[in-house]
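Take a look at the structure below.
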Amino acid sequence: MAETLAQKIVARAAGRSSVEPGELVTCRVDLAMLHDSGGPRRVAPILERLGVGLWDPSRVVLVSDHYVPAVDPESARILDLTRRWGRAHGVARHYDMLGICHVVLAEHGHVRPGMFVVGGDSHTPTAGAFAAFAMGVGASEMAAVLATGEIWLEVPETLRILLDGRPGPGVVAKDVLLALCRMIGLGGAGYRAIEYGGEGLAGFAMEERMTLANMAAELGGITGLVPPDRRTLAWLERAGVSLGEAELTRWRSDPDAPVAATLRLELDRLAPQVAAPHGPANAAPVDEVEPVPIDQAYIGACTGAKLVDLRMAASVLRGRKVAAGTRLLVAPASARVWREAAADGTLATLTEAGAIMLPSGCGACAGYGAGVLAEGEVCIASTARNFKGRMGAPSSRVYLASPLTVAASAVAGRIADPRPLLAERREPEPIGEEAARVG
Amino acid sequence: MQPFTTLRGPAAPFLAINVDTDQIIPARHLKTIRRTGLGVALFESLRYDEQGRERPDFVLNQPKYRNAKILITGENFGCGSSREHAPWALLDFGIRCVIAPSFADIFYNNAFKNGMLLITLPKEQVELLAKEAETAADPTFEIDLEAQEIRRPTGNAPIRFDIDPFKKHCLLNGLDDIGLTMERVDKIAAFEARRRLEMPWLEPARG
């Protein structure tokens, strides 16, 4: 029986030769990820009530990324509690203020093809860029996973999204996702596993694939999957994980596997997208969006502040300045992104243009850290969500766009199309080549 | 966990779609470790103006719905962040049942694990119930979980709903995941006693 990638991973984790969509199965969890906000302070009381510890601390990764760095005694206490809990339970891998969980997992090679991953965060599907079946859960569910190493789920159907052609200048993964949000609506994937495919996929850098998988959350997918290829192997190799060529053919859907639906997106016809307040599905091509003046441009979050994202912003900002009356805030997604962006000159480009650098972490995206908005302020952000009041005062308004469009808007002081600025360059700047990475 | 058998109380019609968890409870209230006290911040940005005064047009501020126990809402309720504070805030306000055409998956599971009943109905039925909640002078509905029925203030025929038998069992008996495990504590104890006898070398070293 032909199977989808999602079925193959779930079957492996359930110890079965095959599974069918709709079946209820119990899976063994290869990796459980929890962070300082939904993690120890929520699961500890439940585990104490049960009188049990962790099923396997070596399969648990703890990341402090929401309340970092502490801004008041409450957040300091949360971080302290997180550290103590990690030590008490023998969790050797605690990435403490080293970056956003989904990005840190990828950087350190924790997520790999065929793995079954559960994370205490809705953007856990990011790991699907590495062909891992990764799903987000709440704290009670996470406590059960930590106690037993298992979780039950309904085997999902698959929604296949085919990316045809090549995107034109100024169009990147974020634009693809915003267009998809508009096409099928928030939650439009309805519990299905989203699997990306099509000839256009090969051209997307790993970090761009992470953006594709990440926003499966907005589409309502239980997970988002990208089949592995040589780029996947190269990334993992760099993270110290060597994977045989056989895994490339093993972890993909059979060509005739039945799927619930197939959606095609023609990349060459796609324009840069902007999602208006207060939802990612309010997306439209940038030239159809009113050029609203902006108070703040924000490049941050798991969705929009990886090295590739910072390079995109730099490619627009090189030799230009942020408009007077507008502020550009940049919170690199991890400590490693900081180091690499410093080494390759990206940071210098950003700060020369007038960017204000913020610590790595989830930051203002969800209203946690520095950079939140005042009443009535307007922001354009490279984050995944622009829900009302999420990034600050309830009356603030957030537009979502790619790092390119956010940077172009920072220069213009209003929502702006990055394509004219990119066209002024003699040569397009390479932004998505992992081979060029340093450090 | 408190068992859920029948729930009788006002139902608030709030037919917005994609109501996200940032709206249900904003992140600035997540620093608390306690599960109680969040009700006052439920739907904060919709309920209060910039000065913190109630917005009279928001449904939960209207006299008929101030003590709502049921929320009737639109598609994809609870999308966004996985925060379990979302069901906690609804429960703390007094809402123990939400009726919608669809729910976001993580919220759906979080809600049941905290003893809430989420009812999925076709859109037309949800809209009909919302209309009744809006027009009835006394918008009191009764949810009977055992019978899987919603009794309406109009006195019209009750509306049936489907629910997974396992979730129904847990709600009727007030069992969260721990309670469910404790239901079988005899079997667990018997197994452990037998194992100690038959395979003593598996026991951790003492002293």
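The values are calculated or read from the model by the stated rules, or taken from the named source; none is laboratory data. Predicted model only: the values in this text are computed from it and were never measured. In this analysis, Cβ positions are derived from the backbone assuming ideal geometry, glycine residues included, and neighbour counts consider all displayed protein chains.
Out of the stretch B:56-89, which residues are acidic (Asp, Glu) and surrounded by fewer than 18 Cβ atoms within 10 Å (Cβ to Cβ)?
First, the residues of the stretch B:56-89 that are acidic (Asp, Glu): B:57, B:75, B:84.
Passing the criteria: only B:ASP57.
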Worksheet entry | Subset of the stretch A:200-237 (residues that are in contact (Cβ under 8 Å) with a residue 40 or more places away in the chain, part of a loop (DSSP other than H, G, I, E, B) and under 18 Å from A:ALA261 (Cα atoms)) | A:GLY221, A:ILE222, A:VAL226, A:PRO227
Worksheet item: Out of curiosity, is A:ARG264 assigned to a strand (DSSP E or B), charged (D, E, K, R) and either over 18 Å from the mean Cα position of the chain (by Cα) or not assigned by TED's automatic domain parsing to the domain that holds A:MET115 (or both)?
Response: yes
Worksheet entry | Residue list for the stretch B:109-123, filter: within 11 Å of chain A (Cβ to nearest Cβ) and part of a helix (DSSP H, G or I) | B:ASN109, B:ASN110, B:ALA111, B:PHE112, B:LYS113
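Can you tell which of B:GLU127, B:GLU142, B:GLU75 is among the acidic types (Asp, Glu) and in a loop (DSSP other than H, G, I, E, B)? Break it down stepwise before answering.
Details: B:GLU127 fails: in a loop (DSSP other than H, G, I, E, B); B:GLU142 fails: in a loop (DSSP other than H, G, I, E, B).
None of the others qualify; the one that does is B:GLU75.
In the stretch A:1-67, which strands (runs of 3 or more DSSP E) lie fully inside it and hold 1 or more residues that are among the β-branched types (Val, Ile, Thr) and in contact (Cβ under 8 Å) with a residue 60 or more places away in the chain?
Details: elements: A:24-28, A:31-35, A:60-64.
Result: A:24-28, A:60-64.
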Worksheet entry | Number of the exception - B:LYS167 against (1) more than 24 Å from A:MET142 (Cβ to Cβ); (2) in contact with a strand residue (DSSP E or B) (Cβ under 9 Å, 6 or more places away or on another chain) | (1)
Worksheet item: So which of B:GLU146, B:GLU142 ends up being in contact (Cβ under 8 Å) with a residue 60 or more places away in the chain and either in contact with a Cys (Cβ under 7 Å, 6 or more places away or on another chain) or more than 19 Å from B:PRO10 (Cα to Cα) (or both)?
Response: B:GLU146
Worksheet, complete the sentence: Considering the stretch B:1-55, residues that are small (Gly, Ala, Ser) and not in a strand (DSSP E or B), and then whichever is nearest to B:LEU90 (Cα to Cα), we arrive at B:GLY39
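With the condition kept exactly as written, say whether any residue in the stretch B:27-44 is touching a strand residue (DSSP E or B) at 6+ places or on another chain (Cβ under 7 Å) and more than 28 Å from B:LEU121 (Cβ to Cβ).
The answer is no; no qualifying residue exists.
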Worksheet item: From the set of residues in the stretch A:68-99 that are within 14 Å of chain B (Cβ to nearest Cβ) and outside any helix (DSSP H, G or I), which is nearest to A:ALA147 (Cα to Cα)?
Response: A:VAL68
Response to the item:
Checked the stretch A:115-141 for anything more than 9 Å from chain B (Cβ to nearest Cβ) and surrounded by fewer than 24 Cβ atoms within 10 Å (Cβ to Cβ); matches are A:MET115, A:PHE116
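When residues of the stretch B:91-108 are filtered for being within 12 Å of chain A (Cβ to nearest Cβ) and assigned to a helix (DSSP H, G or I), how many remain? Steps first, answer last, please.
Start the filter on the stretch B:91-108 by keeping residues that are within 12 Å of chain A (Cβ to nearest Cβ), which leaves B:100-108.
In the following step, the residues that additionally are assigned to a helix (DSSP H, G or I) were identified as B:105-108.
Here the count works out to 4.
Rundown of residues vs (1) within 24 Å of B:ARG28 (Cβ to Cβ); (2) among the polar types (S, T, N, Q), yes/no style:
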| position | (1), (2) |
| --- | --- |
| A:LEU24 | no, no |
| A:LEU31 | no, no |
| A:ALA44 | yes, no |
| A:PRO73 | yes, no |
| A:ARG84 | no, no |
| A:ARG93 | no, no |
| A:MET115 | no, no |
| A:SER122 | yes, yes |
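Conditions (1) within 30 Å of B:VAL40 (Cβ to Cβ); (2) free of Cβ contacts under 8 Å to residues at least 40 places away in the same chain; (3) in contact with a helix residue (DSSP H, G or I) (Cβ under 9 Å, 6 or more places away or on another chain), marked per residue:
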{"site": "B:LEU90", "(1), (2), (3)": "yes, no, yes"}
{"site": "B:GLY94", "(1), (2), (3)": "yes, no, yes"}
{"site": "B:ALA100", "(1), (2), (3)": "yes, yes, yes"}
{"site": "B:ALA130", "(1), (2), (3)": "yes, no, no"}
Worksheet item: Quick one: what pairs do we get from the stretch B:15-29, first residue facing chain A (nearest Cβ under 7 Å), second among the acidic types (Asp, Glu), C-beta under 6 Å, 6+ apart or different chains?
Response: B:PRO26/B:GLU44
Discussion item. Return the residues of the stretch B:1-55 that are crowded, with 20+ Cβ neighbours inside 10 Å and of a type in the set (Gly, Ala, Ser); say none if nothing qualifies.
Written reply: B:ALA11, B:ALA12, B:ALA27, B:ALA41, B:SER45
Practice prompt. Just name the residue that is farthest from B:ALA12 (Cα to Cα) out of those in the stretch B:69-90 that are more than 13 Å from chain A (Cβ to nearest Cβ) and out of contact with any strand residue (DSSP E or B) (no Cβ under 6 Å at 6 or more places or on another chain).
Written response: B:ALA89
Discussion item. Kindly evaluate A:GLY240 against the criterion of being in contact with a helix residue (DSSP H, G or I) (Cβ under 9 Å, 6 or more places away or on another chain) and either within 24 Å of B:THR21 (Cβ to Cβ) or of a type outside the set (Val, Ile, Thr) (or both).
Written reply: no
Worksheet item: Which of the residues spanning the stretch A:143-154 are within 24 Å of A:PRO21 (Cα to Cα) and either among the charged types (D, E, K, R) or facing chain B (nearest Cβ under 9 Å) (or both)?
Response: A:ALA144, A:GLU150, A:GLU154
